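Chemist: Below are the C-alpha coordinates for one structure; questions will follow.
The values are calculated or read from the model by the stated rules, or taken from the named source; none is laboratory data. None of the values given here were measured: they were computed from a predicted structure. Positions of Cβ are backbone-derived with ideal geometry, glycine not excepted, and every protein chain shown enters the neighbour counts.
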Amino acid sequence: MEERITLGKKKREELPEKRKFSRRTVLSFFIVLIAIPFTIWFGWRYGDRNFYIVSLLIIIYTMIPFFLVFEKRRPQARELVILAVMCGIAVASRAVFIWLPHFKPMTAVIIITGIAFGAEAGFLTGAVSGFVSNFIFGQGAWTSWQMFAFGMAGFLAGLFYQKGLLRREKLPLCVFGGVVTMCVVGPLLDTCALFTMSSVITPESAAAIYLSGLPVNAVHTSATVLTLLLVSKPMFEKLDRVKRKYGMLEA
(Lines give C-alpha, C1' and ligand atoms only; values in the text may rest on other atoms or scores of the structure.)
Protein backbone atom coordinates (compact mmCIF):
# COMPACT_ATOMS: atom_id res chain seq x y z
CA MET A 1 0.00 0.00 0.00
CA GLU A 2 2.77 2.39 0.95
CA GLU A 3 4.61 1.50 -2.26
CA ARG A 4 1.54 2.42 -4.35
CA ILE A 5 1.22 5.77 -2.56
CA THR A 6 4.91 6.45 -3.10
CA LEU A 7 4.67 5.56 -6.79
CA GLY A 8 1.60 7.77 -7.13
CA LYS A 9 3.42 10.70 -5.59
CA LYS A 10 6.39 10.16 -7.89
CA LYS A 11 4.14 10.13 -10.95
CA ARG A 12 2.44 13.37 -9.86
CA GLU A 13 5.81 14.96 -9.27
CA GLU A 14 7.02 13.92 -12.72
CA LEU A 15 4.07 15.36 -14.62
CA PRO A 16 4.99 19.07 -14.30
CA GLU A 17 8.53 18.29 -15.47
CA LYS A 18 7.20 16.66 -18.63
CA ARG A 19 5.14 19.71 -19.45
CA LYS A 20 8.05 22.11 -19.16
CA PHE A 21 9.86 23.22 -22.26
CA SER A 22 13.64 23.23 -22.31
CA ARG A 23 15.66 26.34 -23.07
CA ARG A 24 16.42 24.87 -26.49
CA THR A 25 12.72 24.37 -27.25
CA VAL A 26 11.84 27.92 -26.15
CA LEU A 27 14.57 29.28 -28.42
CA SER A 28 13.24 27.09 -31.23
CA PHE A 29 9.75 28.54 -30.76
CA PHE A 30 11.16 32.06 -30.95
CA ILE A 31 13.13 31.33 -34.12
CA VAL A 32 10.35 29.39 -35.85
CA LEU A 33 7.42 31.62 -34.91
CA ILE A 34 9.05 35.06 -34.81
CA ALA A 35 12.54 35.33 -36.29
CA ILE A 36 11.97 33.36 -39.50
CA PRO A 37 8.53 34.87 -40.37
CA PHE A 38 9.93 38.36 -39.72
CA THR A 39 12.95 37.67 -41.94
CA ILE A 40 10.71 36.40 -44.75
CA TRP A 41 8.43 39.44 -44.44
CA PHE A 42 11.37 41.86 -44.28
CA GLY A 43 12.94 40.30 -47.34
CA TRP A 44 9.66 40.50 -49.25
CA ARG A 45 8.86 44.04 -48.11
CA TYR A 46 12.21 45.76 -48.49
CA GLY A 47 14.36 43.50 -50.61
CA ASP A 48 14.70 43.03 -54.33
CA ARG A 49 15.70 39.53 -55.48
CA ASN A 50 17.44 38.83 -52.19
CA PHE A 51 15.87 35.41 -51.71
CA TYR A 52 19.28 33.75 -51.48
CA ILE A 53 20.18 35.93 -48.48
CA VAL A 54 16.86 35.20 -46.78
CA SER A 55 17.24 31.47 -47.45
CA LEU A 56 20.75 31.38 -46.00
CA LEU A 57 19.59 33.32 -42.93
CA ILE A 58 16.85 30.75 -42.35
CA ILE A 59 19.39 27.92 -42.50
CA ILE A 60 21.62 29.76 -40.02
CA TYR A 61 18.65 30.35 -37.70
CA THR A 62 17.71 26.68 -37.73
CA MET A 63 21.27 25.60 -36.97
CA ILE A 64 21.32 27.49 -33.65
CA PRO A 65 18.75 25.40 -31.70
CA PHE A 66 19.91 22.24 -33.46
CA PHE A 67 23.48 22.63 -32.22
CA LEU A 68 22.21 23.35 -28.71
CA VAL A 69 21.42 19.63 -28.64
CA PHE A 70 25.15 19.22 -28.21
CA GLU A 71 25.61 21.80 -25.44
CA LYS A 72 26.96 19.07 -23.11
CA ARG A 73 29.26 17.43 -25.67
CA ARG A 74 30.75 17.84 -29.12
CA PRO A 75 28.72 16.80 -32.16
CA GLN A 76 29.99 13.76 -34.00
CA ALA A 77 30.48 13.77 -37.73
CA ARG A 78 28.21 10.78 -38.24
CA GLU A 79 25.34 12.66 -36.54
CA LEU A 80 25.59 15.39 -39.16
CA VAL A 81 26.08 12.87 -41.94
CA ILE A 82 22.83 11.06 -41.16
CA LEU A 83 20.91 14.35 -41.36
CA ALA A 84 22.63 15.10 -44.65
CA VAL A 85 21.48 11.67 -45.85
CA MET A 86 17.90 12.41 -44.77
CA CYS A 87 18.06 15.73 -46.62
CA GLY A 88 19.33 13.87 -49.68
CA ILE A 89 16.49 11.36 -49.47
CA ALA A 90 13.97 14.19 -49.10
CA VAL A 91 15.37 16.07 -52.11
CA ALA A 92 15.48 12.89 -54.20
CA SER A 93 11.89 12.01 -53.28
CA ARG A 94 10.77 15.38 -54.60
CA ALA A 95 12.91 15.24 -57.72
CA VAL A 96 11.79 11.72 -58.67
CA PHE A 97 8.19 12.91 -58.99
CA ILE A 98 9.00 16.06 -60.96
CA TRP A 99 6.82 14.62 -63.73
CA LEU A 100 3.81 14.54 -61.38
CA PRO A 101 2.94 18.12 -60.37
CA HIS A 102 2.50 18.85 -56.65
CA PHE A 103 3.12 15.21 -55.64
CA LYS A 104 5.80 15.72 -52.94
CA PRO A 105 6.73 12.72 -50.76
CA MET A 106 9.43 15.00 -49.31
CA THR A 107 7.14 16.20 -46.52
CA ALA A 108 6.73 12.63 -45.24
CA VAL A 109 10.51 12.13 -45.12
CA ILE A 110 10.85 15.38 -43.16
CA ILE A 111 8.15 14.27 -40.69
CA ILE A 112 9.95 10.95 -40.16
CA THR A 113 13.21 12.83 -39.51
CA GLY A 114 11.55 15.11 -36.96
CA ILE A 115 10.12 12.14 -35.06
CA ALA A 116 13.36 10.14 -35.19
CA PHE A 117 15.81 12.92 -34.31
CA GLY A 118 13.82 15.72 -32.70
CA ALA A 119 11.97 18.90 -33.62
CA GLU A 120 15.12 20.95 -34.26
CA ALA A 121 16.56 18.32 -36.59
CA GLY A 122 13.19 18.08 -38.34
CA PHE A 123 13.03 21.81 -39.02
CA LEU A 124 16.64 21.91 -40.19
CA THR A 125 16.04 19.00 -42.57
CA GLY A 126 12.90 20.62 -43.97
CA ALA A 127 14.56 24.00 -44.48
CA VAL A 128 17.70 22.60 -46.11
CA SER A 129 15.71 20.18 -48.29
CA GLY A 130 13.47 22.98 -49.53
CA PHE A 131 16.49 25.12 -50.39
CA VAL A 132 18.53 22.40 -52.09
CA SER A 133 15.62 20.90 -54.05
CA ASN A 134 14.91 24.29 -55.58
CA PHE A 135 18.19 24.11 -57.44
CA ILE A 136 16.24 21.56 -59.47
CA PHE A 137 12.79 23.18 -59.40
CA GLY A 138 13.99 26.80 -59.52
CA GLN A 139 14.93 29.35 -56.89
CA GLY A 140 12.84 32.43 -56.28
CA ALA A 141 10.95 34.47 -53.72
CA TRP A 142 8.97 31.33 -52.92
CA THR A 143 12.08 29.45 -51.69
CA SER A 144 12.07 30.93 -48.18
CA TRP A 145 8.36 30.19 -47.83
CA GLN A 146 8.89 26.59 -48.88
CA MET A 147 11.79 26.24 -46.45
CA PHE A 148 9.58 27.57 -43.66
CA ALA A 149 6.60 25.38 -44.62
CA PHE A 150 8.57 22.14 -44.94
CA GLY A 151 10.54 22.96 -41.80
CA MET A 152 7.30 23.41 -39.84
CA ALA A 153 6.23 19.88 -40.78
CA GLY A 154 9.40 18.44 -39.26
CA PHE A 155 9.30 20.72 -36.24
CA LEU A 156 5.69 19.92 -35.36
CA ALA A 157 6.26 16.19 -35.87
CA GLY A 158 9.20 16.20 -33.48
CA LEU A 159 7.42 18.38 -30.94
CA PHE A 160 4.21 16.32 -30.93
CA TYR A 161 6.18 13.08 -30.64
CA GLN A 162 8.31 14.47 -27.81
CA LYS A 163 5.21 15.48 -25.86
CA GLY A 164 3.54 12.10 -26.37
CA LEU A 165 0.84 13.48 -28.67
CA LEU A 166 1.97 11.45 -31.67
CA ARG A 167 2.79 7.77 -32.01
CA ARG A 168 4.74 5.89 -34.64
CA GLU A 169 1.83 3.67 -35.65
CA LYS A 170 0.75 4.05 -39.27
CA LEU A 171 -2.75 5.40 -38.61
CA PRO A 172 -1.75 8.24 -36.24
CA LEU A 173 1.19 9.08 -38.50
CA CYS A 174 -0.96 9.23 -41.62
CA VAL A 175 -3.60 11.35 -39.90
CA PHE A 176 -0.96 13.71 -38.52
CA GLY A 177 0.83 13.93 -41.87
CA GLY A 178 -2.42 14.61 -43.71
CA VAL A 179 -3.54 17.31 -41.27
CA VAL A 180 -0.15 19.05 -41.15
CA THR A 181 0.22 19.03 -44.93
CA MET A 182 -3.32 20.22 -45.60
CA CYS A 183 -3.63 22.72 -42.75
CA VAL A 184 -0.07 24.00 -42.22
CA VAL A 185 2.28 23.32 -45.13
CA GLY A 186 -0.27 23.95 -47.87
CA PRO A 187 -1.70 27.21 -46.45
CA LEU A 188 1.84 28.55 -45.86
CA LEU A 189 2.69 27.91 -49.51
CA ASP A 190 -0.62 29.52 -50.52
CA THR A 191 0.28 32.55 -48.42
CA CYS A 192 3.49 32.84 -50.43
CA ALA A 193 1.40 32.92 -53.61
CA LEU A 194 -0.83 35.56 -52.04
CA PHE A 195 2.10 37.87 -51.30
CA THR A 196 3.99 37.29 -54.54
CA MET A 197 1.08 37.25 -57.00
CA SER A 198 -1.25 39.91 -55.59
CA SER A 199 -0.31 43.56 -55.92
CA VAL A 200 -3.09 44.48 -53.49
CA ILE A 201 -4.21 41.97 -50.89
CA THR A 202 -7.96 41.95 -50.33
CA PRO A 203 -10.33 39.40 -48.78
CA GLU A 204 -11.44 38.48 -52.30
CA SER A 205 -7.92 37.91 -53.60
CA ALA A 206 -7.00 35.93 -50.48
CA ALA A 207 -10.09 33.73 -50.82
CA ALA A 208 -9.32 33.11 -54.50
CA ILE A 209 -5.71 32.10 -53.74
CA TYR A 210 -6.57 29.78 -50.86
CA LEU A 211 -9.49 28.14 -52.68
CA SER A 212 -7.43 27.58 -55.82
CA GLY A 213 -4.76 26.00 -53.65
CA LEU A 214 -7.06 23.31 -52.26
CA PRO A 215 -6.64 20.83 -55.16
CA VAL A 216 -2.86 21.34 -55.07
CA ASN A 217 -2.78 20.77 -51.31
CA ALA A 218 -4.95 17.68 -51.70
CA VAL A 219 -2.41 16.12 -54.09
CA HIS A 220 0.43 17.07 -51.74
CA THR A 221 -1.46 15.59 -48.80
CA SER A 222 -2.09 12.33 -50.63
CA ALA A 223 1.66 12.05 -51.34
CA THR A 224 2.49 12.58 -47.67
CA VAL A 225 -0.07 10.08 -46.40
CA LEU A 226 0.84 7.42 -48.98
CA THR A 227 4.55 7.76 -48.26
CA LEU A 228 4.06 7.53 -44.50
CA LEU A 229 1.85 4.49 -44.98
CA LEU A 230 4.42 2.65 -47.11
CA VAL A 231 7.85 3.62 -45.82
CA SER A 232 7.53 4.98 -42.26
CA LYS A 233 7.95 1.62 -40.51
CA PRO A 234 11.08 0.43 -42.41
CA MET A 235 12.65 3.88 -42.16
CA PHE A 236 12.08 4.09 -38.41
CA GLU A 237 13.58 0.62 -37.98
CA LYS A 238 16.71 1.63 -39.91
CA LEU A 239 17.07 4.96 -38.09
CA ASP A 240 16.53 3.38 -34.67
CA ARG A 241 19.18 0.79 -35.44
CA VAL A 242 21.64 3.52 -36.40
CA LYS A 243 20.82 5.53 -33.26
CA ARG A 244 21.30 2.53 -30.98
CA LYS A 245 24.53 1.47 -32.65
CA TYR A 246 26.21 4.86 -32.61
CA GLY A 247 24.37 6.64 -29.77
CA MET A 248 23.44 9.45 -32.11
CA LEU A 249 21.70 12.73 -31.28
CA GLU A 250 21.45 11.98 -27.61
CA ALA A 251 21.73 15.13 -25.50
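Chemist: Which condition breaks for T221 when tested against (1) under 13 Å from L189 (Cβ atoms); (2) modelled with pLDDT under 95; (3) of a type in the set (V, I, T)?
Modeler: Checking T221 against (1) under 13 Å from L189 (Cβ atoms); (2) modelled with pLDDT under 95; (3) of a type in the set (V, I, T), the one that fails is (2).
Chemist: Tell me, which helices (runs of 4 or more DSSP H) lie completely within the range 66-181 with 1 or more residues that are touching a residue at least 12 places away in the same chain (Cβ under 8 Å) and of a type in the set (D, E)?
Modeler: Hits in the range 66-181: 77-96, 119-137.
Chemist: While we're on this one: Is there a residue being in contact (Cβ under 8 Å) with a residue 40 or more places away in the chain and within 26 Å of I36 (Cβ to Cβ) anywhere in the range 195-203?
Modeler: yes
Chemist: Being without any contact (Cβ under 8 Å) to a residue 24 or more places away in the chain and among the small types (G, A, S) is the filter here; which residues of the range 204-221 pass it?
Modeler: S205, A206, A207, A208, S212
Chemist: Among the candidates A95, A77, single out the residue that is small (G, A, S) and at pLDDT 80 or above.
Modeler: That would be A95, the only listed residue that is small (G, A, S) and at pLDDT 80 or above.
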